[in-house]
Amino acid sequence: MRFWVIGLMMLIGVGVGVCEGKSGGVLRPNVVVFLTDDQGTLDVGCYGSKDLYTPHMDRLAKEGVRFTAAYAHMVCCPARAMLLTGRYPQRSGVNSWTQGNLKAKRGVNMKLSEVTLAEALKGAGYATGLYGKWHLGAAATHGPTKQGFDEFFGHRGGFIDNYNHHFLHGSGYHDLYRGVKEKFRRGEYFPDLMTAGAVDFIERHKKGPFFLYVAFNLPHYPEQGDKRFDERYKDMKMPRRSYAKVVSTVDGLMGRVLKKLDEVGVAKDTIVIFMSDNGHSEERYAIRVDGHTSGMKKGEKYGANGGGGNTGRWRGRKGTFYEGGIRVPAILRYPRRFKGGLVRGQVVTAMDWMPTVLELCGVKAKGVKFDGKSLVEVIEKDGDGPHGVLHWQWQKKWMVREGDWKLTGSGSGKRVELLNLSGEKPEGKNWAKEKGGLVKRLRGLHEAWVKEVGS
């Protein structure tokens, strides 16, 4: 039986208050976070995409709480920083692409001073593991095992080909690691490798408590899905067909992890969170150089085939601040605490997961200023949402949202879009010229926020 940590522990200079191993007579829950990659706004069966086969995601919704106004970010890196720190990514230095290649010249890496969810839970006696994608800085001096994860297996950068395990942009580089040690498993399907690792982690730590972060690289391009879905989608038109296969593939992989929780008898006492990092991709890419490190030939395609995602009445895609770029599927299941089949329409964000998990686990991260809010009250009482004003920024592009209004711009430039989310065609009109007073007020909120977070 694991010894439970009691009292106060010091974690990177931040006091983490730790309660006894039992909270309310129940052992602390395990935590599993599924983060999918480029899964669009409505691309789950339970969100209305009935042309997709997603039984395991749908099961989580049936047994948990489905959020219909959940927001991540426009691209990968900042969404991951939000989830793991509970704070705006600008506070952790993540406002541009992070270093992808461990062997490359030092680039952007998330600040080690940030306290991650893994660090907070590890300080409370949890075993911690990350299987999949990191993408918050690949330097050996940084990364998962420097920020609270006991174990890491996966790629440190943005994406890899699932069989040769190389990053494909530019001249490419190999990116498969266990901790900071490079691993060579060419020809083996990476999503299977990482899922097998996640299942093994549960088996080894089934007596708990454990925190398992399963960060899939699907349905992100290159869209290399499980062939068992070929027949199911053979009559679907492209690019939806290719995209649907990888969505069903990642659903099946999630199912393997959920099955393991059932088999070892800990499903009822495990918090499971599922979210995507941003909207669907429409990017098209091909190898552009001879002698690519992966061995792929110049001209070989590996992009997202031009799209395939379903945003319904919402506009946009990955890389934009329109709803289709930042609004994503999000579900929480915790049978010991919450009944299933709940739906919540309050605005929530990826920053809310860390304070929510810490409250449910009885762990306090003292000295940490969260921008996210615990969702426990939203789930239990279905009252007002926790957020009045929310901000997003990526490099020079920014957005501020208040109620149904969104103001987007770039840097200090005068051209902005003032968008409204109500009606049959949300974000269909730029109201900036007609509502100058509102533009001025929202821009003022953004400028004040920039000063506060140090963007």
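The values are calculated or read from the model by the stated rules, or taken from the named source; none is laboratory data. Keep in mind that what you see is a predicted model, and the values were worked out from it rather than measured. FYI the Cβ positions are ideal-geometry reconstructions off the backbone, even for glycines, and counts take in every protein chain you see.
With the structure loaded, tell me whether Val246 is crowded, with 24+ Cβ neighbours inside 10 Å and closer than 22 Å to Asp175 by Cα or whether it fails that test. So Val246 fits the description; yes.
Of Lys260, Lys301, Lys297, all but one fail to be farther than 27 Å from Lys62 by Cα and either out of contact with any Lys or Arg (no Cβ under 8 Å at 6 or more places or on another chain) or polar (S, T, N, Q) (or both); the exception is Lys297. Let me confirm something: among Phe201, Phe184, Phe190, which residue is farther than 20 Å from Met296 by Cβ, at pLDDT 95 or above and of a type in the set (Phe, Trp, Tyr)? So the residue among Phe201, Phe184, Phe190 that is farther than 20 Å from Met296 by Cβ, at pLDDT 95 or above and of a type in the set (Phe, Trp, Tyr) is Phe201.
Can you confirm whether Gly403 is loosely packed, with under 15 Cβ neighbours inside 10 Å and at pLDDT 95 or above? So Gly403 fits the description; yes. Being touching a residue at least 24 places away in the same chain (Cβ under 8 Å) and out of contact with any Asp or Glu (no Cβ under 9 Å at 6 or more places or on another chain): is that true of Val328 here? Criteria not met by Val328. When Val357, Val347 are checked against the criterion of being in contact with a strand residue (DSSP E or B) (Cβ under 8 Å, 6 or more places away or on another chain), modelled with pLDDT of 95 or more and farther than 22 Å from Arg59 by Cβ, Val347 stands alone in meeting it. So which of Val357, Val363 is of a type in the set (A, V, I, L, M) and within 20 Å of the chain's Cα centre (by Cα)? When all the criteria are applied, what remains is Val357. Total residues in the range 371-412 satisfying the condition of being of a type in the set (D, E, K, R), over 22 Å from Gln90 (Cβ atoms) and without any contact (Cβ under 8 Å) to a residue 24 or more places away in the chain: the figure is 3. Among residues of the range 428-455 that are of a type in the set (Ser, Thr, Tyr), those with a Cβ under 6 angstrom from a residue that is not in a loop (DSSP other than H, G, I, E, B), sequence gap 6+ or separate chain, pair up as Ser455/Gln90; Ser455/Gln393.
Matching residues to (1) surrounded by fewer than 21 Cβ atoms within 10 Å (Cβ to Cβ); (2) of a type in the set (Asp, Glu); (3) in contact with a helix residue (DSSP H, G or I) (Cβ under 7 Å, 6 or more places away or on another chain); (4) not assigned by TED's automatic domain parsing to the domain that holds Asn217:
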residue: Gly299; (1), (2), (3), (4): yes, no, no, no
residue: Gly303; (1), (2), (3), (4): yes, no, no, no
residue: Asn310; (1), (2), (3), (4): no, no, no, no
residue: Gly319; (1), (2), (3), (4): yes, no, yes, no
residue: Ile326; (1), (2), (3), (4): no, no, no, no
residue: Ile331; (1), (2), (3), (4): no, no, yes, no
residue: Phe338; (1), (2), (3), (4): yes, no, yes, no
residue: Val343; (1), (2), (3), (4): yes, no, no, no
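Within the range 221-237, one or more residues are under 17 Å from the mean Cα position of the chain (by Cα), closer than 16 Å to Tyr189 by Cα and outside any helix (DSSP H, G or I). Of all the listed residues (Thr128, Thr54, Thr98, Thr85), the sole one being crowded, with 24+ Cβ neighbours inside 10 Å, touching a helix residue (DSSP H, G or I) at 6+ places or on another chain (Cβ under 9 Å), without any contact (Cβ under 8 Å) to a residue 60 or more places away in the chain and among the polar types (S, T, N, Q) is Thr98.
Residue pairs whose Cβ atoms lie under 8 Å apart, sitting 6 or more positions apart in sequence or on different chains, and linking a residue in the range 188-205 that is in contact (Cβ under 8 Å) with a residue 40 or more places away in the chain to a partner that is assigned to a helix (DSSP H, G or I) and of a type in the set (Val, Ile, Thr), are Pro191/Thr249; Pro191/Val250; Thr195/Val257; Ala198/Val257; Val199/Val257; Ile202/Val257.
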